[in-house]
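The values are calculated or read from the model by the stated rules, or taken from the named source; none is laboratory data. Computed from a prediction, not measured in an experiment: that's the story for all the values here. Positions of Cβ are backbone-derived with ideal geometry, glycine not excepted, and every protein chain shown enters the neighbour counts.
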Amino acid sequence: MARGLWPLVAALALGLLLPLVLDQYKLYVLSLTLVYVILAIGLNLTLGYAGQISLCHAAFMAFGSYAVAILGQHGVPFEAGLVLGVVLAFGWGLVLGFPALQVKHHYLAMVTLGFNIIVFLVLRNWESLTGGSFGISSVARPAWGPFSFKSDRAFYYYILAWAAIVVASAYWILHSRWGRAFRAIRENEMRAEVVGVSLRNYKLMAFAIGAAYAGTGGALFAPLLGYIDPGAFTLDRSIQFLMMVVLGGLGRFEGPLIGALVVTVLPEVLRGSEGLYLIIYALSVILMMLFMPKGLVGLWDLAWRFSKSATSPSASSASPR
Amino acid sequence: MALLEIRNLTKRFFRLSALSGVSLSVEPGELLGVIGPNGSGKTTLFNCVTGVLAPSGGHVLFRGEDITGRSPDIVYQRGVARTFQLIQLFPEMTVLENMLVAAQERTGTLLSRLLRREETRETARARELLEFLGIARLEDNLASNLSYGQQKLLDFGMALMPDPQLILLDEPMAGVNPTMIKNLMGHILALNGRGYTFVVIEHNMEVVMSLCRRIVVLSQGERIAEGTPAEIADNPLVLDAYFGR
Amino acid sequence: MTVALLEVRDLHAGYGKLEILKGVSLDVQSGQVVSIIGPNGAGKSTVFKTLFGLLPARQGRVTLDGEDVTNQPPANLLRRGMAYVPQGRNVFPLMTVEENLRLGAYTRPRSAELEDEIERLYETFPVLRESRRRRAGDLSGGQQQMLEMARALLLKPRLILLDEPTLGLAPLVFKEIFRIVENLRRLGQTILMVEQNAAKALEISDYAYVLELGLNRYEGAGDVIRNDERVRRLYLGR
């Protein structure tokens with residue numbers, strides 16, 4: 001327990017203090033990172049824990065973004081839009097869970113990939129609702145009566161609060177019996193079913209909950225940027241989330257936090273190298289996968305084991321997940 | 001009433017008949033042996049009973065209820081647990097987690113499982129069973145780090161976790177060293193004495209003959225003999241099934 | 001003393017943490033049919049997988065015609081004249097019978113000699129000639145088994161490892177398979193065979209090894225082993 005929680009507490013403290021020293025642009029990057037952390041936690045639940053490949057995370061995200069943007073235009077409070085977006089994403093997650101009962105691995109990848117493309121096309125062509133390829137601009141940030149989260153710093157803390165809620169709820173779900181059932185399905189589907197784990201219930205839930213987190217992240221994404229268009233919810237973006245989860249460490253609780261940070265911040269850091277930055281970025285991703293197949297969390301494990309073996313001679317027991 | 005009743009069970013894979021009209025019944029408290037040469041349909045029988053495979057014909061009744069073709073999770077929740085010939089565990093989960101997973105879906109609802117109500121009681125039961133099997137000190141190890149024999153014991157422990165009415169053991173002694181065989185036989189007999197019902201597929205004849213009071217023999221998907229160990233050993237049909245003619 | 005074509009000494013192998021072979025030794029003389037029999041779990045098929053490089057030998061030595069071939073990959077063993085017909089049906093189901101056969105000779109250039117050999121194989125297996133244009137997946141179990149044996153023969157192996165050739169076949173069909181093995185033996189083909197129907201296998205074997213739990217238990221001429229009461233009892237554990 002101690003090891004599971006203290007890095008999260010440290011991350012929260014850092015998240016609270018960092019804005020005091022960051023300039024506006026860096027604050028924006030950090031805000032975006034937090035939004036991606038929320039999204040990546042969702043995908044980590046579906047893919048990392050339950051082992052169900054999903055390439056339509058950006059489509060689930062779109063439900064959140066468009067719900068707050070469209071309702072915001074009609075003066076509906078941000079939180080109501082967020083709830084609607086989450087409910088829509090959850091519902092479509094359930095729907096997408098059904099194919100997962102029939103097909104696996106790359107077939108499921110194809111199904112979810114197709115769904116992402118359909119959602120993108122609907123967003124682009126349903127102009128009366130979504131504004132088509134121009135999208136929706138000036139998405140309002142939340143306000144509670146006289147108190148508004150319009151300023152970048154205020155909105156940053158608003159996002160941080162949601163991120164904390166998401167991390168806490170995901171922690172709770174994944175450390176409940178559901179988390180254990182998800183992992184059992186990932187580890188050995190047949191055996192899981194033979195010890196009574198209902199594949200139908202848990203696979204549907206894994207998809208729906210992952211999608212709901214994507215909806216939450218999407219809802220926060222729209223007002224952070226201020227405008228949205230279908231181009232923000234393409235397959236490319238879904239693959240970016242996949243990369244965050246894999247780089248961070250599949251099925252590891254801290255994985256999405258590290259993965260989202262690296263995938264968001266690394267390109268910014270490399271931006272100085274002009275045209276080379278994409279190549280350097282891609283190369284470092286390849287190297288990380290080659291040398292750390294278990295993700296960046298693997299480094300953390302090594303350090304932990306090292307510090308433990310320095311204090312006690314027997315460190316053979318497993319690392320808690 | 002028989003605890004388990006299998007009526008005329010048939011399983012075909014394309015043209016190949018793995019089971020052709022097998023019937024047998026298991027009484028509560030029994031320790032029944034199922035033997036037969038390779039490919040005689042023993043594991044297919046277990047797979048059809050536990051829902052891993054859907055039978056092509058026939059019926060499976062458990063405590064009078066028709067469970068033919070029900071999914072494995074439902075059969076398990078009714079009280080039928082099993083082990084596997086090729087050990088099936090959750091390799092990247094700890095020994096204790098493997099045990100807990102085996103208990104958690106037996107009772108309660110999907111929502112109640114989010115609340116971890118039974119956790120303390122079940123953890124205690126898991127530790128008690130691990131103690132009984134002599135692998136309690138390994139509870140925090142990943143299942144994949146266990147030795148073969150320890151994995152075999154864990155597989156067995158998981159089958160006991162939900163306190164099932166019926167336990168199907170698929171070759172519990174395969175690949176197990178003589179000391180561990182004695183050990184496992186002791187466990188099975190002790191549990192049988194406490195009222196657990198077992199059906200055991202086993203190739204080690206000495207084990208089957210000394211463990212079971214009744215043995216059913218399958219050959220090429222058919223039931224060819226049934227009887228006490230002595231009757232089976234003297235049945236020329238059985239020798240032919242194993243040795244050929 | 002003549003050198004055996006195949007010499008296996010103290011072979012150890014297993015899967016992961018499970019040790020199956022705990023020191024198996026055997027000899028196969030050129031031109032003989034040799035059977036490995038034994039109750040379930042004796043490690044018979046594991047011997048083949050280890051001989052053919054599909055499973056690493058953890059200890060022990062395998063020599064083929066005096067040459068050490070322990071832990072050689074299958075491609076090398078094929079080149080040195082060892083062919084393996086695995087258990088179960090392993091034909092390429094969507095290709096025709098003839099295409100399957102030719103795959104057996106894919107390392108050899110097309111030549112008149114090869115065509116002759118294929119013709120001769122069709123004489124040994126007339127059923128295959130009749131169905132040469134059919135898809136292999138549509139053949140019966142027995143025909144598929146024959147196709148596999150024919151494919152292995154096309155490599156002109158010095159030694160064929162035949163793993164449970166009659167598994168899952170109807171009695172009438174397995175008589176046919178045994179008849180073919182007998183014919184091959186008459187033609188001088190060396191065969192090492194694992195067979196579940198021990199009585200039938202021993203009838204056509206020059207020599208036999210009885211394994212139990214990964215160890216040599218008995219050995220002797222086929223008919224001697226066949227009538228050995230101890231071997232029969234081994235199967236029923238008494």
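One line per residue, one yes/no per condition, for (1) under 13 Å from residue A:260 (Cβ atoms); (2) at pLDDT below 95; (3) part of a helix (DSSP H, G or I); (4) within 15 Å of the chain's Cα centre (by Cα):
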| position | (1), (2), (3), (4) |
| --- | --- |
| A:11 | yes, yes, yes, no |
| A:32 | yes, no, yes, yes |
| A:35 | yes, no, yes, yes |
| A:39 | yes, no, yes, yes |
| A:60 | no, no, yes, yes |
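So is residue A:110 within 14 Å of another protein chain (Cβ to nearest Cβ), part of a helix (DSSP H, G or I) and aliphatic (A, V, I, L, M) or not?
Here the answer is no, as residue A:110 does not meet what is asked.
For residue A:52, only one of the following conditions fails: (1) in contact with a Gly (Cβ under 9 Å, 6 or more places away or on another chain); (2) under 20 Å from residue A:155 (Cα atoms). What is its number? Among (1) in contact with a Gly (Cβ under 9 Å, 6 or more places away or on another chain); (2) under 20 Å from residue A:155 (Cα atoms), the lone unmet condition for residue A:52 is (2). For residue C:181, are the conditions met, namely being surrounded by 22 or more Cβ atoms within 10 Å (Cβ to Cβ), under 25 Å from residue B:202 (Cβ atoms) and in contact (Cβ under 8 Å) with a residue 60 or more places away in the chain? Answer is no for this residue. Checking the range B:173-186 against the condition returns no match, with no residue being in contact with a strand residue (DSSP E or B) (Cβ under 9 Å, 6 or more places away or on another chain), small (Gly, Ala, Ser) and modelled with pLDDT of 90 or more. The set of residues in the range B:95-143 being touching a helix residue (DSSP H, G or I) at 6+ places or on another chain (Cβ under 7 Å), facing chain A (nearest Cβ under 7 Å) and not acidic (Asp, Glu) consists of B:100, B:101, B:102, B:104, B:106, B:110, B:113, B:114, B:116, B:141.
Flag: residue C:103 does not match the condition of being of a type in the set (A, V, I, L, M, F, W, C), within 15 Å of residue C:193 (Cα to Cα) and more than 14 Å from every other protein chain (Cβ to nearest Cβ).
Residues in the range C:92-126 that are buried (at least 17 other Cβ atoms within 10 Å of the Cβ), of a type outside the set (Ser, Thr, Tyr) and closer than 15 Å to residue C:145 by Cα: C:97, C:98, C:100, C:101, C:104, C:121, C:125.
Condition check: out of contact with any Asp or Glu (no Cβ under 6 Å at 6 or more places or on another chain), surrounded by 15 or more Cβ atoms within 10 Å (Cβ to Cβ) and of a type in the set (Asp, Glu). Does residue C:65 satisfy that? Walk me through it before giving the result.
Details: out of contact with any Asp or Glu (no Cβ under 6 Å at 6 or more places or on another chain): yes; surrounded by 15 or more Cβ atoms within 10 Å (Cβ to Cβ): yes; of a type in the set (Asp, Glu): yes.
So residue C:65 passes the test.
Which residue, of C:101, C:78, C:64, is of a type outside the set (S, T, N, Q) and free of Cβ contacts under 8 Å to residues at least 60 places away in the same chain? Spell out the reasoning first.
Values: C:78 fails: free of Cβ contacts under 8 Å to residues at least 60 places away in the same chain; C:64 fails: free of Cβ contacts under 8 Å to residues at least 60 places away in the same chain.
Only one candidate passes the filter, namely C:101.
Scanning the range C:195-227 for residues that are within 11 Å of chain B (Cβ to nearest Cβ), among the charged types (D, E, K, R) and farther than 14 Å from residue C:25 by Cα returns C:195, C:200, C:203, C:226.
Based on what the data block shows, is residue A:121 in a helix (DSSP H, G or I), farther than 30 Å from residue A:189 by Cβ and not β-branched (Val, Ile, Thr)? First the steps, then the outcome.
Details: in a helix (DSSP H, G or I): yes; farther than 30 Å from residue A:189 by Cβ: yes; not β-branched (Val, Ile, Thr): yes.
Yes.
Which residue is surrounded by the fewest Cβ atoms within 10 Å (Cβ to Cβ), if the candidates are limited to the range B:48-91 and must be part of a helix (DSSP H, G or I) and at the interface with another protein chain (Cβ under 10 Å from one of its Cβ atoms)?
B:74
Exactly one condition in (1) modelled with pLDDT of 95 or more; (2) touching an Asp or Glu at 6+ places or on another chain (Cβ under 6 Å) is not met by residue A:199; state its number. Going through the list (1) modelled with pLDDT of 95 or more; (2) touching an Asp or Glu at 6+ places or on another chain (Cβ under 6 Å), residue A:199 breaks only (1). Is it true that residue C:154 is free of Cβ contacts under 8 Å to residues at least 60 places away in the same chain, more than 14 Å from chain B (Cβ to nearest Cβ) and either crowded, with 16+ Cβ neighbours inside 10 Å or touching a Pro at 6+ places or on another chain (Cβ under 6 Å) (or both)? Yes, satisfied. For residue B:221, the stated conditions hold: it is buried (at least 16 other Cβ atoms within 10 Å of the Cβ), touching a strand residue (DSSP E or B) at 6+ places or on another chain (Cβ under 9 Å) and within 14 Å of chain C (Cβ to nearest Cβ).
Just one residue in the set B:239, B:191 is touching a Phe, Trp or Tyr at 6+ places or on another chain (Cβ under 8 Å), more than 9 Å from chain C (Cβ to nearest Cβ) and at negative phi; that residue is B:191.
Among the helices (runs of 4 or more DSSP H) contained in the range A:162-268, which hold 2 or more residues that are in contact (Cβ under 8 Å) with a residue 60 or more places away in the chain, of a type outside the set (A, V, I, L, M) and within 14 Å of chain B (Cβ to nearest Cβ)? Break it down stepwise before answering.
Working: elements: A:177-187, A:189-194, A:199-225, A:235-248.
Fully inside the range A:162-268 and qualifying: A:177-187, A:199-225.
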